[in-house]
Amino acid sequence: MSVARPIGYGVVGAGAFARFCAEQYRQVPGLRQVAVADIDPQAAQRFAQDTGVPAEASVDALLANPSVELVHLTTPPSTHYALALRAIVAGKHVLCEKPLALTEREAQEVAHAADQRGVRLGVNLIMRYNPLCAGVEAVLDRGLLGDPLYASFQNLAKDEPLGPDHWFWNTDASGGIFIEHGVHFFDVFEGWLERFGAGRVVSAQHGVRPGAHPVVEQARATARYGPSVLADFMHSFTQASAMDRQSWRIVCERGDLRLDGWTPMTIEADFLAEESGAEAVTSCFGGARLERVQTFAPDSEEAPTRARFKPLSTTGRYALRAEALGGQDKPAVYGHMLAELMSDLLAGIRDPSHRPKVTGANGVASVAMAEAARRLAETIDPGQAPA
């Protein structure tokens, strides 16, 4: 059997995240790491010394390197638009860190350029590659818990590493919380709920830190998917590192799903089903533990019979719990997600008929939702957005 020729990989941006990615991508078959560049040549040299990936003198030199076929952009968000266009014009496939750009218009321009040049455009919206998120999608797609009604994501995030001068707080550099961070969650909720109607932001607010550094530290939005499904997104960058925590919930007609962690590490479900339905839900999550917590005898007074004007057929109430990748730690799960995204992109580069889980179109859609949320928050209470 013939082995596919390795694809040459170059990274622009020599920070800590690029190093972590490079380590994960060493395990991806068919990928050869050939170059690194940074606006700071010394940073690129340090990266090269630590990883063994050769350093180029400049970004232009990396883009001119014929061995580089795929460029990974790991630079701050404000640079993504221009760098992605430069790489595409140079004929390179692109994997761009989120967000694809700071505005929907710019993101659309990048995606259109990739289409015109016939190169693949990937965006690091890796939640779709989390096995628990994939399981949620399967449950919703198969209607195993009935229709979804409400979803939420609460992100009580650490700000301990983010000093007052960090680019994260500068909306010109980051785009703000919705765009820099929120795109991950707008994207995965869209993947779960778009079959019930395209997402549309209907309300949004900002919260500003009082004192000498009045940055936007909280961002909240509500989106509607079709006529019935509402979803809340709350991001609060206010916590000490030890208290960083996140929770997800998807409420359906027959019960709900609850995930824990920014990168979901565990999922719990509480739902009504017949035995075959409970087994079907369990099959969506590898290694899940299922327990029947209540049994309903046929025709008993306790047996659920109806919800939302619909009849219910159920023999029990069930509790399910599963862990991502059998309980591996967060770096391992996150590394798995990165490797899956890269493998999926490589498959698309080799086979034009292959459609990766995450495409440039997803990058555009997530920025569109995030930009709409930011604009709505600023319009409703413009005094909340510091200059």
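Overview of values
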item	result
Span from the the stretch 40-101 Cα centroid across to the the stretch 188-206 one, whole angstrom	32
Crossing angle, helix 16-25 versus the chain [Cα axis fit, 0-90 degrees, rounded to tens]	80
1.4 Å probe accessible area per residue over the chain, in Å²	45
Computed over the stretch 249-387: relative contact order in percent, which uses C-alpha pairs under 8 Å that are six or more apart	21
Percentage, to the nearest whole number, of Cα pairs in the stretch 218-342 over 22 Å apart	52
Debye equation applied to the C-alpha atoms of the stretch 142-271, log10 I(q)/I(0) at 0.12, 0.15, 0.16 Å⁻¹	-0.50, -0.75, -0.83
Dmax and Rg, reported as Rg then Dmax, of the stretch 9-131 (C-alpha, Å)	13.7, 39
Charge context of LEU149, other residues only, Cβ under 13 angstrom, K/R +1, D/E -1	+1
Cut-off 14 Å between beta-carbons: net charge of the residues surrounding SER247, Lys and Arg +1, Asp and Glu -1	-2
Kirkwood-based Rg to Rh ratio, the stretch 83-223, C-alpha trace	1.01
Sites excluded, trypsin sites (Lys or Arg not before Pro) in DSSP loops with at most 16 other C-beta within 10 Å, longest stretch of the chain	27-307
For the stretch 319-383 versus the stretch 238-307, the gap between their alpha-carbon centres in whole angstrom	23
Histogram of C-alpha separations across the stretch 1-55, 10 Å bin width, %	26, 52, 17, 5, 0
Long-range lysine pairs (8 or more apart or interchain), the chain, Cα under 22 Å	6
Approximate spin-label separation GLU291-ARG32, in nm, with each point projected 7 Å along Cα-to-Cβ	5.4
Two-decimal Rg to Rh for the chain - Kirkwood Rh, Cα set	1.00
Distance between modelled label sites at ASP147 and ASP115, nm, 7 Å Cα→Cβ extension	3.2
Computed label-point distance, nm, for sites ALA319 and ASP299 using a 7 Å Cα→Cβ extension	3.2
Charge sum, other residues only, whose C-beta stays under 13 Å from GLU323's C-beta, Lys/Arg counted +1 and Asp/Glu -1	0
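The values are calculated or read from the model by the stated rules, or taken from the named source; none is laboratory data. This structure is a prediction, so every number in the text was calculated from the model and none was measured. Counting neighbours? That spans all protein chains shown, and the Cβs are built from the backbone with ideal geometry, glycine included. Just so you know, the surface numbers come from the protein's heavy atoms only, side chains and all, with ligands and any DNA or RNA stripped out. Shrake-Rupley method; radii C 1.70, N 1.55, O 1.52, S 1.80 Å.
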